[in-house]
1. Which condition from (1) at pLDDT below 85; (2) within 30 Å of Pro260 (Cα to Cα) is the one that Leu394 breaks?
2. Which fully enclosed strands (runs of 3 or more DSSP E) of region 135-190 have 2 or more residues being closer than 26 Å to Pro15 by Cα?
3. Can you run down the residue pairs with Cβ atoms below 6 Å, 6 or more apart or on separate chains, where the first is in region 305-324 and assigned to a helix (DSSP H, G or I) and the partner is of a type in the set (Lys, Arg)?
4. Restrict the check to region 25-36 and report whether at least one residue is in contact with a Gly (Cβ under 6 Å, 6 or more places away or on another chain) and surrounded by fewer than 22 Cβ atoms within 10 Å (Cβ to Cβ).
5. Filter region 375-389 for residues that are assigned to a helix (DSSP H, G or I) and open to solvent by less than 70 Å² (accessible area, probe 1.4 Å) and give the result.
6. Within 30 Å of Ala255 (Cβ to Cβ), in a helix (DSSP H, G or I) and either aliphatic (A, V, I, L, M) or in contact with a strand residue (DSSP E or B) (Cβ under 7 Å, 6 or more places away or on another chain) (or both), is that true of Ala334?
7. Since Thr14 meets every condition but one in (1) closer than 21 Å to Ala212 by Cα; (2) open to solvent by 30 Å² or more (accessible area, probe 1.4 Å); (3) outside any loop (DSSP other than H, G, I, E, B), which condition does it not meet?
8. Looking only at residues in region 52-65 that are of a type outside the set (A, V, I, L, M) and surrounded by 22 or more Cβ atoms within 10 Å (Cβ to Cβ), which one is farthest from Ala107 (Cα to Cα)?
Amino acid sequence: MPTDASPGALPARTPLAPPPGVLVLDVVIPVFNEEKDLGPCVRRLHAHLTRSFPYPFRITIADNASTDRTPQVAAGLVADIAGVRSTRLEQKGRGRALRTVWSASEAPVLAYMDVDLSTDLNALLPLVAPLISGHSDLAIGTRLARSSRVVRGAKREFVSRAYNLLLRSSLAARFSDAQCGFKAIRREVAERLLPLVEDSGWFFDTELLVLAERAGLRIHEVPVDWVDDPDSTVHLVRTATEDLKGVWRVGRALAVGALPLDRLARPFGDDPRDQTALPGVPRGPARQLLGFCVVGLLSTLLYLALYSALRALTGPQTANATALLLCAVANTAANRRLTFGVRGRATAVRHQAQGLVVFGIGLALTSGSLAALAAAGARHAHSTELAVLITANLAATVLRFLLFRAWIFPEPRPEKATRPLSNQPSHPNHPNHPSYSTHPTHPTPTPQEGP
């Protein structure tokens, strides 16, 4: 349950229904010193899209700081082929090129592919179809599916599988192929996701996918046929080093909750059953209770260990208060992130302050139990003391869960729908929608930017 969600969270996915002639797909080809391959790549891609893609499209060449004849080749393609444009960047970096072009594009579906066309183009329509239909937020080609057919050397095969294994073990990634140069994304998702991605090089793809997955966005995978380019200019060692630095940076940011991923949250959909609770089906409390119990069990074990260690140095009341305070801070932080799904630092101090109030209630229960045991007068074993504390902690835990749900991390109140069902068009591409704007039937190529 994401609380403190940023205003303007993503709406439910809807199918694209553009009027005839409106641009739907923008395919970006990032290049650096590709004067030999650029022309054949663009001509082949344009012919394939013209023959098989049922919507208006555009091909954008993103030249990031080429020093050979690539700019001149790109300019010739723009002049010769309708629906091709070129953009020039003065700094290298595939991620920088994609961020620049995607951020400026008006197409509702954005894609990119490597200039060597290692991926079979027959996978392009299956790649973008789930985005057009409203089923998915991002789509990636995967060379690691069982049905994929891949031709490449043993070294690249080992590096690719080792890297994806690293992502699964360190960042808990569930997608299968992070670095396949064949991806697509819906524009409204890119608008929210790109500002969170820091990398401007080869790690851009991985960071984009990890953040999207952690935000709960749907990533569609398409098995592809892929043939390795023997003339690839990718430097494996340098790329691997930069990727490892990126894994560490992203992992640390996710661990401390420094990324506002709530702004990427989507509702379930437009089915009315998703908007109301179904009879007899618990929605939030069951999952939260399970997470709370796991955190509570670990906190109790930590509390008992700290109490036993401090008890040998101080009296029972001091040991109890110190152990309970330390565990309360850790417990609030863990429940905030894991049980109630709150990320970011904006409200962390307030939540910890409220957690200390709950700690005070737990301290009163446990200290009162110890005081009652001492008032009994009889000598008692350490195991008896621990049993009394466990019982008091159980009562405090039940009260803590109720206060966490009702006071510290309350459920957001659902907003009442005010939009008329019949008169107000729901899709931005509907001609009567307030944000609708027209585009030319065939995209007009723009002049090449740069020298």
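1. (2)
2. The strands (runs of 3 or more DSSP E) meeting that bar are 138-142, 182-186.
3. What qualifies is Ala319/Arg311.
4. Taking every residue of region 25-36 in turn, none turns out to be in contact with a Gly (Cβ under 6 Å, 6 or more places away or on another chain) and surrounded by fewer than 22 Cβ atoms within 10 Å (Cβ to Cβ).
5. First, pick out the residues of region 375-389 that are assigned to a helix (DSSP H, G or I): 375, 382-389.
Passing the criteria: Thr384, Glu385, Leu386, Ala387, Val388, Leu389.
6. yes
7. Status for Thr14: all satisfied but (3).
8. For region 52-65, the residue satisfying everything is Asn64.
The values are calculated or read from the model by the stated rules, or taken from the named source; none is laboratory data. Note that the structure is a prediction, hence the values are computed from the model and not measured. So basically every Cβ, Gly included, is an ideal-geometry build from the backbone, and we count neighbours across all protein chains shown. Quick note on the areas: whole protein, heavy atoms, side chains included, nothing else; ligands and nucleic acids left out. Shrake-Rupley method; radii C 1.70, N 1.55, O 1.52, S 1.80 Å.
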